[in-house]
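Trainee: Here it is, the structure, as C-alpha coordinates.
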Amino acid sequence: MTHARRRLLAAALALPLAARAQAPIVIKFSHVVAPDTPKGKAAQRFKELAEARTGGRVKIELYPNSQLYKDKEEMEALQLGSVQMLAPSLAKFGPLGVKEFEVFDLPFLFKDTAAFRAITEGPLGAELFRKLEPKGIKGLAYWDNGFQIMSANRPLRQVSDFQGLKMRIQSSKVLDAQMRALGAIPQVMAFSELRQALQTGLVDGTENAPSNLYTQKIHEVQKHMTLSNHGHLAYAVIVNKKFWDGLPGDIRGALEAAIKEATAYANAIASTENAAALQGIQASGRTTLHTPTPAEMNEWKKALMPVHQEMAPRVGKATIAAAYKAAGFVAPD
Ligand code: LMR
(Lines give C-alpha, C1' and ligand atoms only; values in the text may rest on other atoms or scores of the structure.)
Protein backbone atom coordinates (compact mmCIF):
# COMPACT_ATOMS: atom_id res chain seq x y z
CA MET A 1 0.00 0.00 0.00
CA THR A 2 1.33 3.41 -0.92
CA HIS A 3 1.95 6.04 1.71
CA ALA A 4 -0.91 8.18 0.37
CA ARG A 5 -3.33 5.25 0.45
CA ARG A 6 -2.31 4.43 4.03
CA ARG A 7 -2.98 8.04 5.02
CA LEU A 8 -6.41 7.95 3.36
CA LEU A 9 -7.30 4.72 5.10
CA ALA A 10 -6.11 6.03 8.47
CA ALA A 11 -8.23 9.18 8.01
CA ALA A 12 -11.30 7.12 7.11
CA LEU A 13 -10.86 4.92 10.18
CA ALA A 14 -10.18 7.87 12.44
CA LEU A 15 -13.40 9.70 11.48
CA PRO A 16 -15.95 7.51 13.20
CA LEU A 17 -13.67 7.29 16.23
CA ALA A 18 -13.48 11.07 16.46
CA ALA A 19 -17.23 11.31 16.03
CA ARG A 20 -17.72 8.70 18.72
CA ALA A 21 -15.35 10.47 21.05
CA GLN A 22 -17.50 13.61 20.87
CA ALA A 23 -19.85 14.16 23.80
CA PRO A 24 -23.42 13.23 22.85
CA ILE A 25 -25.99 15.92 22.20
CA VAL A 26 -28.20 15.95 25.29
CA ILE A 27 -31.93 16.58 24.93
CA LYS A 28 -33.72 17.19 28.21
CA PHE A 29 -37.35 16.16 27.84
CA SER A 30 -39.47 17.32 30.73
CA HIS A 31 -43.11 16.48 31.40
CA VAL A 32 -45.59 16.64 34.25
CA VAL A 33 -47.19 13.18 34.29
CA ALA A 34 -46.18 9.73 35.51
CA PRO A 35 -43.93 7.45 33.40
CA ASP A 36 -46.72 4.86 33.13
CA THR A 37 -49.18 7.10 31.28
CA PRO A 38 -49.60 7.30 27.49
CA LYS A 39 -47.38 10.40 27.41
CA GLY A 40 -44.79 8.91 29.77
CA LYS A 41 -44.60 5.68 27.79
CA ALA A 42 -44.37 7.45 24.45
CA ALA A 43 -41.57 9.66 25.80
CA GLN A 44 -39.69 6.52 26.87
CA ARG A 45 -40.27 4.97 23.43
CA PHE A 46 -38.97 8.13 21.76
CA LYS A 47 -35.84 8.04 23.94
CA GLU A 48 -35.08 4.44 22.95
CA LEU A 49 -35.70 5.07 19.25
CA ALA A 50 -33.78 8.34 19.16
CA GLU A 51 -30.73 6.97 20.95
CA ALA A 52 -30.66 3.84 18.77
CA ARG A 53 -31.14 5.68 15.49
CA THR A 54 -28.43 8.23 16.22
CA GLY A 55 -25.99 5.53 17.32
CA GLY A 56 -25.67 7.16 20.72
CA ARG A 57 -24.83 10.61 19.31
CA VAL A 58 -27.97 11.88 21.06
CA LYS A 59 -28.87 11.23 24.66
CA ILE A 60 -32.47 11.85 25.74
CA GLU A 61 -32.86 12.63 29.42
CA LEU A 62 -36.44 12.16 30.60
CA TYR A 63 -37.78 14.12 33.56
CA PRO A 64 -41.35 12.94 34.31
CA ASN A 65 -43.72 13.96 37.11
CA SER A 66 -42.77 17.69 37.15
CA GLN A 67 -39.34 16.68 38.52
CA LEU A 68 -37.77 19.68 36.86
CA TYR A 69 -40.60 22.13 36.25
CA LYS A 70 -44.29 22.62 36.90
CA ASP A 71 -46.77 23.37 34.10
CA LYS A 72 -46.10 27.04 33.46
CA GLU A 73 -42.42 26.99 34.29
CA GLU A 74 -41.64 24.22 31.83
CA MET A 75 -42.80 26.35 28.90
CA GLU A 76 -40.54 29.19 30.05
CA ALA A 77 -37.67 26.75 30.49
CA LEU A 78 -38.14 25.54 26.92
CA GLN A 79 -38.12 29.07 25.55
CA LEU A 80 -34.97 29.86 27.51
CA GLY A 81 -33.33 26.62 26.35
CA SER A 82 -32.94 25.11 29.84
CA VAL A 83 -34.80 22.11 28.46
CA GLN A 84 -35.00 21.21 24.79
CA MET A 85 -38.21 19.18 24.56
CA LEU A 86 -41.66 19.05 26.18
CA ALA A 87 -45.05 17.52 25.53
CA PRO A 88 -47.49 19.89 27.26
CA SER A 89 -51.21 19.51 26.92
CA LEU A 90 -52.78 21.69 24.24
CA ALA A 91 -54.43 23.79 26.97
CA LYS A 92 -50.99 25.11 27.94
CA PHE A 93 -50.61 27.29 24.83
CA GLY A 94 -53.37 29.80 25.59
CA PRO A 95 -51.39 31.39 28.42
CA LEU A 96 -48.45 31.64 26.01
CA GLY A 97 -50.61 33.91 23.85
CA VAL A 98 -51.54 31.36 21.19
CA LYS A 99 -55.21 31.37 22.14
CA GLU A 100 -56.33 29.41 19.09
CA PHE A 101 -55.08 26.24 20.81
CA GLU A 102 -57.94 26.59 23.29
CA VAL A 103 -60.23 25.36 20.52
CA PHE A 104 -59.26 21.87 21.71
CA ASP A 105 -60.79 22.63 25.12
CA LEU A 106 -64.29 23.33 23.79
CA PRO A 107 -66.63 20.90 25.54
CA PHE A 108 -68.14 18.07 23.51
CA LEU A 109 -66.29 19.15 20.36
CA PHE A 110 -65.08 15.65 19.49
CA LYS A 111 -67.47 12.75 19.02
CA ASP A 112 -64.56 10.32 18.89
CA THR A 113 -60.80 10.04 18.56
CA ALA A 114 -60.97 10.14 14.76
CA ALA A 115 -62.60 13.58 14.96
CA PHE A 116 -59.71 14.84 17.09
CA ARG A 117 -57.09 13.39 14.76
CA ALA A 118 -58.80 14.89 11.73
CA ILE A 119 -57.83 18.28 13.18
CA THR A 120 -54.31 17.51 14.33
CA GLU A 121 -53.38 15.65 11.16
CA GLY A 122 -54.94 18.25 8.87
CA PRO A 123 -54.20 21.85 7.88
CA LEU A 124 -55.44 23.32 11.16
CA GLY A 125 -52.97 21.22 13.16
CA ALA A 126 -50.13 22.47 10.95
CA GLU A 127 -51.32 26.07 11.10
CA LEU A 128 -51.44 26.00 14.89
CA PHE A 129 -47.85 24.73 14.98
CA ARG A 130 -46.76 27.61 12.73
CA LYS A 131 -48.17 30.03 15.28
CA LEU A 132 -45.69 28.70 17.85
CA GLU A 133 -42.62 29.58 15.79
CA PRO A 134 -42.50 33.31 16.65
CA LYS A 135 -42.42 32.17 20.30
CA GLY A 136 -39.21 30.23 19.63
CA ILE A 137 -41.05 26.91 19.68
CA LYS A 138 -41.31 24.25 17.01
CA GLY A 139 -44.15 21.74 17.07
CA LEU A 140 -43.16 18.24 16.02
CA ALA A 141 -46.20 16.06 16.67
CA TYR A 142 -49.54 15.75 18.41
CA TRP A 143 -49.91 12.94 20.93
CA ASP A 144 -53.35 11.82 21.94
CA ASN A 145 -54.38 10.89 25.45
CA GLY A 146 -58.14 10.65 25.45
CA PHE A 147 -61.42 11.84 26.79
CA GLN A 148 -61.73 13.46 30.17
CA ILE A 149 -64.00 12.53 33.02
CA MET A 150 -65.14 14.51 36.08
CA SER A 151 -64.40 13.70 39.71
CA ALA A 152 -65.61 15.00 43.06
CA ASN A 153 -66.60 13.75 46.48
CA ARG A 154 -70.24 13.73 45.48
CA PRO A 155 -71.87 12.15 42.44
CA LEU A 156 -71.91 14.51 39.47
CA ARG A 157 -74.98 13.49 37.55
CA GLN A 158 -76.94 16.65 36.98
CA VAL A 159 -75.65 20.08 36.26
CA SER A 160 -76.96 21.25 39.64
CA ASP A 161 -74.53 18.79 41.30
CA PHE A 162 -71.67 21.11 40.30
CA GLN A 163 -73.13 24.12 42.09
CA GLY A 164 -70.45 25.83 44.18
CA LEU A 165 -67.82 23.10 43.78
CA LYS A 166 -64.24 24.28 43.44
CA MET A 167 -62.95 22.45 40.39
CA ARG A 168 -59.27 22.35 39.43
CA ILE A 169 -58.62 23.26 35.82
CA GLN A 170 -55.62 23.83 33.61
CA SER A 171 -54.95 27.45 32.80
CA SER A 172 -57.41 27.79 29.90
CA LYS A 173 -60.12 30.42 29.56
CA VAL A 174 -62.31 27.86 27.79
CA LEU A 175 -62.03 25.44 30.71
CA ASP A 176 -62.75 28.34 33.06
CA ALA A 177 -65.92 29.17 31.10
CA GLN A 178 -66.86 25.48 31.02
CA MET A 179 -66.74 25.11 34.81
CA ARG A 180 -68.64 28.37 35.31
CA ALA A 181 -71.32 27.22 32.87
CA LEU A 182 -71.83 24.19 35.10
CA GLY A 183 -72.12 26.38 38.19
CA ALA A 184 -68.72 25.40 39.58
CA ILE A 185 -65.85 27.65 40.65
CA PRO A 186 -62.79 27.00 38.50
CA GLN A 187 -59.37 26.99 40.19
CA VAL A 188 -56.25 27.08 38.04
CA MET A 189 -53.56 24.88 39.54
CA ALA A 190 -50.43 23.05 38.44
CA PHE A 191 -50.92 19.36 37.80
CA SER A 192 -48.26 18.46 40.38
CA GLU A 193 -50.29 20.18 43.12
CA LEU A 194 -53.60 18.53 42.29
CA ARG A 195 -53.56 15.48 44.51
CA GLN A 196 -52.65 17.34 47.65
CA ALA A 197 -55.16 20.08 46.89
CA LEU A 198 -57.91 17.46 46.63
CA GLN A 199 -56.74 15.66 49.73
CA THR A 200 -56.68 18.80 51.86
CA GLY A 201 -59.95 20.14 50.43
CA LEU A 202 -58.36 23.15 48.78
CA VAL A 203 -60.38 22.08 45.74
CA ASP A 204 -63.38 19.75 45.60
CA GLY A 205 -62.95 18.08 42.25
CA THR A 206 -61.30 18.00 38.87
CA GLU A 207 -61.47 16.77 35.30
CA ASN A 208 -58.80 14.68 33.64
CA ALA A 209 -58.10 11.57 31.62
CA PRO A 210 -58.42 8.30 33.60
CA SER A 211 -54.71 7.49 33.07
CA ASN A 212 -53.72 10.71 34.83
CA LEU A 213 -56.26 10.25 37.63
CA TYR A 214 -55.14 6.68 38.26
CA THR A 215 -51.39 7.23 38.17
CA GLN A 216 -51.66 10.24 40.51
CA LYS A 217 -53.88 8.16 42.83
CA ILE A 218 -56.67 10.72 42.61
CA HIS A 219 -59.16 7.88 43.15
CA GLU A 220 -57.86 7.63 46.72
CA VAL A 221 -58.99 11.17 47.46
CA GLN A 222 -62.18 11.38 45.34
CA LYS A 223 -65.29 9.34 46.03
CA HIS A 224 -67.05 9.76 42.67
CA MET A 225 -66.18 9.97 39.00
CA THR A 226 -68.55 10.55 36.09
CA LEU A 227 -67.65 9.06 32.70
CA SER A 228 -68.75 12.19 30.90
CA ASN A 229 -66.10 12.29 28.13
CA HIS A 230 -66.98 15.99 27.89
CA GLY A 231 -63.45 17.13 27.07
CA HIS A 232 -60.36 15.78 25.43
CA LEU A 233 -56.73 15.72 26.55
CA ALA A 234 -53.88 15.71 24.07
CA TYR A 235 -50.35 17.01 23.76
CA ALA A 236 -48.00 18.81 21.44
CA VAL A 237 -44.45 17.50 21.32
CA ILE A 238 -42.43 20.68 21.05
CA VAL A 239 -38.78 21.68 20.92
CA ASN A 240 -36.77 24.85 21.34
CA LYS A 241 -36.67 26.03 17.73
CA LYS A 242 -33.16 27.47 17.82
CA PHE A 243 -31.77 24.26 19.28
CA TRP A 244 -33.64 22.14 16.75
CA ASP A 245 -32.63 24.23 13.74
CA GLY A 246 -29.02 24.10 14.92
CA LEU A 247 -28.83 20.29 14.95
CA PRO A 248 -26.83 18.54 12.20
CA GLY A 249 -29.24 17.57 9.41
CA ASP A 250 -28.69 13.82 9.74
CA ILE A 251 -29.37 13.94 13.48
CA ARG A 252 -32.51 16.01 12.98
CA GLY A 253 -33.71 13.55 10.36
CA ALA A 254 -33.13 10.58 12.66
CA LEU A 255 -34.98 12.35 15.48
CA GLU A 256 -37.89 13.20 13.19
CA ALA A 257 -38.18 9.54 12.24
CA ALA A 258 -38.07 8.57 15.94
CA ILE A 259 -40.82 11.10 16.72
CA LYS A 260 -42.96 9.73 13.92
CA GLU A 261 -42.69 6.23 15.30
CA ALA A 262 -43.21 7.31 18.91
CA THR A 263 -46.29 9.26 17.80
CA ALA A 264 -47.83 6.20 16.18
CA TYR A 265 -47.14 4.32 19.41
CA ALA A 266 -48.60 7.09 21.63
CA ASN A 267 -51.77 7.25 19.58
CA ALA A 268 -52.10 3.47 19.46
CA ILE A 269 -51.90 2.98 23.24
CA ALA A 270 -53.97 5.95 24.43
CA SER A 271 -57.38 4.35 24.53
CA THR A 272 -56.29 0.97 25.93
CA GLU A 273 -54.17 2.69 28.62
CA ASN A 274 -57.14 4.80 29.68
CA ALA A 275 -59.48 1.80 29.69
CA ALA A 276 -56.98 -0.08 31.88
CA ALA A 277 -56.74 2.93 34.21
CA LEU A 278 -60.51 3.02 34.58
CA GLN A 279 -60.48 -0.67 35.44
CA GLY A 280 -57.79 0.00 38.03
CA ILE A 281 -59.86 2.79 39.56
CA GLN A 282 -62.91 0.55 39.69
CA ALA A 283 -60.95 -2.37 41.16
CA SER A 284 -59.59 -0.11 43.91
CA GLY A 285 -63.11 0.17 45.32
CA ARG A 286 -62.28 3.71 46.48
CA THR A 287 -64.30 5.58 43.87
CA THR A 288 -67.76 4.99 42.44
CA LEU A 289 -67.87 5.34 38.67
CA HIS A 290 -71.03 6.78 37.17
CA THR A 291 -72.06 6.31 33.56
CA PRO A 292 -74.39 9.20 32.73
CA THR A 293 -77.74 8.49 31.14
CA PRO A 294 -78.46 10.05 27.72
CA ALA A 295 -80.82 12.51 29.45
CA GLU A 296 -78.07 13.55 31.88
CA MET A 297 -75.61 14.04 29.02
CA ASN A 298 -78.15 16.14 27.15
CA GLU A 299 -78.50 18.39 30.16
CA TRP A 300 -74.70 18.82 30.37
CA LYS A 301 -74.54 19.58 26.65
CA LYS A 302 -77.29 22.17 26.92
CA ALA A 303 -75.41 23.91 29.70
CA LEU A 304 -72.05 23.70 27.94
CA MET A 305 -72.79 24.49 24.30
CA PRO A 306 -73.07 28.26 24.93
CA VAL A 307 -69.37 28.13 25.89
CA HIS A 308 -68.55 27.68 22.19
CA GLN A 309 -70.15 31.03 21.29
CA GLU A 310 -68.90 32.76 24.41
CA MET A 311 -65.31 31.81 23.62
CA ALA A 312 -65.44 32.54 19.88
CA PRO A 313 -63.97 36.07 20.22
CA ARG A 314 -61.01 34.64 22.16
CA VAL A 315 -60.32 31.44 20.26
CA GLY A 316 -61.21 32.94 16.87
CA LYS A 317 -64.30 32.30 14.77
CA ALA A 318 -62.26 31.03 11.83
CA THR A 319 -60.36 28.56 14.02
CA ILE A 320 -63.58 27.23 15.52
CA ALA A 321 -65.17 26.93 12.07
CA ALA A 322 -62.13 25.05 10.74
CA ALA A 323 -62.20 22.73 13.77
CA TYR A 324 -65.94 22.06 13.37
CA LYS A 325 -65.44 21.22 9.72
CA ALA A 326 -62.47 18.90 10.26
CA ALA A 327 -64.08 17.18 13.25
CA GLY A 328 -67.49 16.88 11.57
CA PHE A 329 -69.01 18.65 14.58
CA VAL A 330 -72.79 18.80 14.67
CA ALA A 331 -74.32 20.94 17.42
CA PRO A 332 -76.68 18.92 19.59
CA ASP A 333 -80.40 19.84 19.39
C1 LMR B 1 -53.09 18.65 33.40
O2 LMR B 1 -52.45 19.63 33.79
O3 LMR B 1 -54.14 18.26 33.91
C4 LMR B 1 -52.57 17.88 32.22
O5 LMR B 1 -52.01 18.76 31.34
C6 LMR B 1 -51.53 16.93 32.62
C7 LMR B 1 -50.96 16.26 31.42
O8 LMR B 1 -49.98 16.77 30.90
O9 LMR B 1 -51.52 15.23 31.03
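The values are calculated or read from the model by the stated rules, or taken from the named source; none is laboratory data. These numbers come from a predicted model, not from an experiment. Cβ atoms come from the backbone with ideal geometry, glycine included; neighbour counts cover every protein chain shown. For accessibility, only protein heavy atoms count, side chains too; no ligands or nucleic acids. Shrake-Rupley method; radii C 1.70, N 1.55, O 1.52, S 1.80 Å.
Trainee: Quick one: net charge around Arg286, please, counting Lys, Arg +1 and Asp, Glu -1 for every other residue with C-beta under 12 Å from its C-beta. Let's see the in-between values first.
Mentor: Numbers: positive: Lys217, Lys223; negative: Glu220.
After counting each charged neighbour, the total is +1.
Trainee: Residue by residue through segment 40-49, which ³J(HN,Hα) values in whole Hz follow from phi under the Karplus form 6.51 cos²θ - 1.76 cosθ + 1.60 (θ = phi - 60°), with glycine and proline marked x?
Mentor: Values, residue by residue: x, 5, 5, 5, 5, 5, 4, 4, 4, 5 Hz.
Trainee: Accessible area of Leu96, 1.4 Å probe, to the nearest 10 Å²?
Mentor: Its accessible surface works out to 30 Å², give or take rounding.
Trainee: Once you keep just the Cα pairs under 8 angstrom separated by 6 or more residues, what percentage relative contact order results for the chain?
Mentor: Result for the chain is 25 percent.
Trainee: Continuing with the same structure: Set the Förster distance to 30 Å, then compute FRET efficiency between Ser82 and Ala23 from the Cβ-Cβ distance, nearest 0.05. Don't jump to the answer; show the numbers that get you there.
Mentor: Working: r = 18 Å, r/R0 = 0.61.
Efficiency at R0 = 30 Å is approximately 0.95.
Trainee: Across the Cα atoms of the chain, what radius of gyration and what greatest pairwise Cα-Cα distance (Dmax) are found, in Å?
Mentor: 22.2, 90
Trainee: Suppose a student asked you for the relative contact order of segment 46-147, using Cα pairs under 8 Å spaced at least 6 residues apart; what percent would you report?
Mentor: 15 percent.
Trainee: Could you tell me the calculated FRET efficiency between Arg180 and Thr291, based on Cβ-Cβ distance and R0 = 25 angstrom, to the nearest 0.05?
Mentor: 0.50
Trainee: Over segment 3-326, average the accessible area per residue using a 1.4 Å probe and give it in Å², no decimals.
Mentor: 44 Å²
Trainee: Can you list the lysines whose alpha carbon sits under 23 Å from that of Lys223, skipping same-chain ones fewer than 8 residues off?
Mentor: Lys166
Trainee: Go ahead and run the numbers for FRET between Lys302 and Glu121, Cβ-Cβ distance against an R0 of 35 Å, rounding to 0.05.
Mentor: Details: r = 31 Å, r/R0 = 0.89.
That pair, Lys302 with Glu121, gives E of 0.65.
Trainee: What is the gain in length, in nm to one decimal, between Ala321 and Asn153 on full extension, counting 0.36 nm per residue of separation less the C-alpha to C-alpha distance?
Mentor: 56.8 nm
Trainee: Follow-up question, since we're still on this one. How high is the relative contact order of segment 92-213, given as a whole-number percent (alpha carbon pairs under 8 Å, six or more residues apart)?
Mentor: 28 percent
Trainee: Tally the DSSP beta bridges in the chain and give the antiparallel ones as a percent, rounded to 5.
Mentor: Antiparallel bridges make up about 55 percent of those DSSP assigns within the chain.
Trainee: Could you size up the charge dipole of segment 3-326 around its Cα centre, putting +1 on the beta carbon of Lys and Arg and -1 on that of Asp and Glu, and report it in debye to the nearest 20?
Mentor: The dipole of segment 3-326 has a size of about 900 debye.
Trainee: Residues with beta-carbon under 12 Å from that of Val83, excluding Val83: net charge, scoring Lys, Arg +1 and Asp, Glu -1?
Mentor: -3
Trainee: Near Ala295, within a Cβ-to-Cβ distance under 15 Å, what is the net charge of the other residues, with Lys and Arg +1 and Asp and Glu -1? Don't skip to the answer; put the middle values down first.
Mentor: Details: positive: Arg157, Lys301, Lys302; negative: Asp161, Glu296, Glu299, Asp333.
Net local charge, Ala295 excluded: -1.
Trainee: Under 18 Å from the Cα of Lys70, which lysines turn up, not counting those fewer than eight places away in the same chain?
Mentor: Lys28, Lys39, Lys92
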